[in-house]
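The values are calculated or read from the model by the stated rules, or taken from the named source; none is laboratory data. Treat the numbers as computed from the prediction; the structure is a model and nothing was measured. Please note: Cβ atoms are built from the backbone with ideal geometry, for glycine as well, and neighbour counts cover all protein chains shown.
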Amino acid sequence: MIPEFVFATNNKNKLEEIRAISKGKIKIICPEDLGYSEELPENHTSLEGNALQKARFFYDKFSINCFADDTGLEVEALNGRPGVFSARYAGEGKNPLENVNKVLHELNDNPNRNARFRTVIALVINDKEYFFEGVAEGKIITEMRGRNGFGYDPVFVPVGFDETFAEIPVNVKNRISHRAAAFEKLFNFLTNFYI
């Protein structure tokens, strides 16, 4: 029997991405599947804190094994900003276009375009907590390119590529992204856990 987990996210893009990355190795349901459609709690100042807060919230509320992630874009010239505040960098409305434009405006013509996406996953299973991290190094370009992806993907070019995350085919992104790296660690852990 395939183990079932709640992925504590309301982000449909993330959910689709993770289901694709998991390749059916585990059954992934979302809060909506449990009749929960409210905003998820997320008020910590670290990716680890936010991820654990969401996973723990669902584990405690529904008594089901759960994982959650938090991802931040960390721009070197901006001292690691937007970081944990990536989703609401331009305001509480969580507008992706405004967030991207704010980063581009703050970078302006700064020659240092180094950046990285960092994902932290918190897993709560049988009331125990585990963390997994994935990083994608790259740079921020000066204008948006591409129609795939979401968030900051149109301005982020990963190391070894000339295309942005929004231009790279989804199946390629799902192999090289920060989220893919973190989830590969999660799935390896779960494979060993259930053997």
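Residues in the range 59-84 that are out of contact with any strand residue (DSSP E or B) (no Cβ under 7 Å at 6 or more places or on another chain) and modelled with pLDDT of 95 or more were compared, and the one that is surrounded by the fewest Cβ atoms within 10 Å (Cβ to Cβ) is N79.
Per-residue answers, yes or no, for (1) under 13 Å from the mean Cα position of the chain (by Cα); (2) closer than 15 Å to F117 by Cα:
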| position | (1), (2) |
| --- | --- |
| F7 | yes, no |
| Y36 | no, no |
| V84 | yes, yes |
| N99 | no, yes |
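Annotation note: Cβ proximity below 8 Å between a residue of the range 1-14 that is in contact (Cβ under 8 Å) with a residue 24 or more places away in the chain and farther than 9 Å from C30 by Cβ and a residue that is among the aromatic types (F, W, Y) and not in a loop (DSSP other than H, G, I, E, B) (sequence gap 6+ or interchain) occurs for P3/Y194; F5/F67; K14/F7.
Annotation note: of I64, I121, the sole residue that is touching a Leu at 6+ places or on another chain (Cβ under 6 Å) and aliphatic (A, V, I, L, M) is I121. For T119, the conditions (1) closer than 28 Å to Y36 by Cα; (2) touching a residue at least 40 places away in the same chain (Cβ under 8 Å); (3) not in a strand (DSSP E or B) all hold with the exception of (3). Picking from residues in the range 85-110 that are part of a loop (DSSP other than H, G, I, E, B) and of a type in the set (D, E), the one that is modelled with the lowest pLDDT is E92. Across the range 159-195, the qualifying residues are those that are among the basic types (K, R) and touching a residue at least 12 places away in the same chain (Cβ under 8 Å), and the one among them that is surrounded by the fewest Cβ atoms within 10 Å (Cβ to Cβ) is K185.
Tell me, which residue of the range 136-191 that is in contact with a Ser or Thr (Cβ under 8 Å, 6 or more places away or on another chain) and among the β-branched types (V, I, T) is farthest from I28 (Cα to Cα)? Selected residue: I141. The requirement of being touching a Pro at 6+ places or on another chain (Cβ under 6 Å), farther than 28 Å from G49 by Cβ and modelled with pLDDT of 95 or more is fulfilled nowhere in the range 121-142; no residue meets it. Of the residues making up the range 23-58, those that are at pLDDT 90 or above and surrounded by fewer than 13 Cβ atoms within 10 Å (Cβ to Cβ) number 4. For the range 130-142, the count of residues that are touching a residue at least 24 places away in the same chain (Cβ under 8 Å) and of a type in the set (D, E) is at least one. Do the conditions hold for F156, that is, is it surrounded by 21 or more Cβ atoms within 10 Å (Cβ to Cβ), in contact (Cβ under 8 Å) with a residue 40 or more places away in the chain, among the hydrophobic types (A, V, I, L, M, F, W, C) and out of contact with any helix residue (DSSP H, G or I) (no Cβ under 8 Å at 6 or more places or on another chain)? Yes; evaluated as a whole, the condition is true for this residue.
Quick one: in the range 143-153, of everything that is touching a residue at least 24 places away in the same chain (Cβ under 8 Å) and within 17 Å of the chain's Cα centre (by Cα), which residue is surrounded by the most Cβ atoms within 10 Å (Cβ to Cβ)? Ranking the qualifying residues of the range 143-153, first place goes to Y152. Looking at G93, is it more than 14 Å from F5 (Cα to Cα) and of a type outside the set (A, V, I, L, M)? Yes, satisfied.
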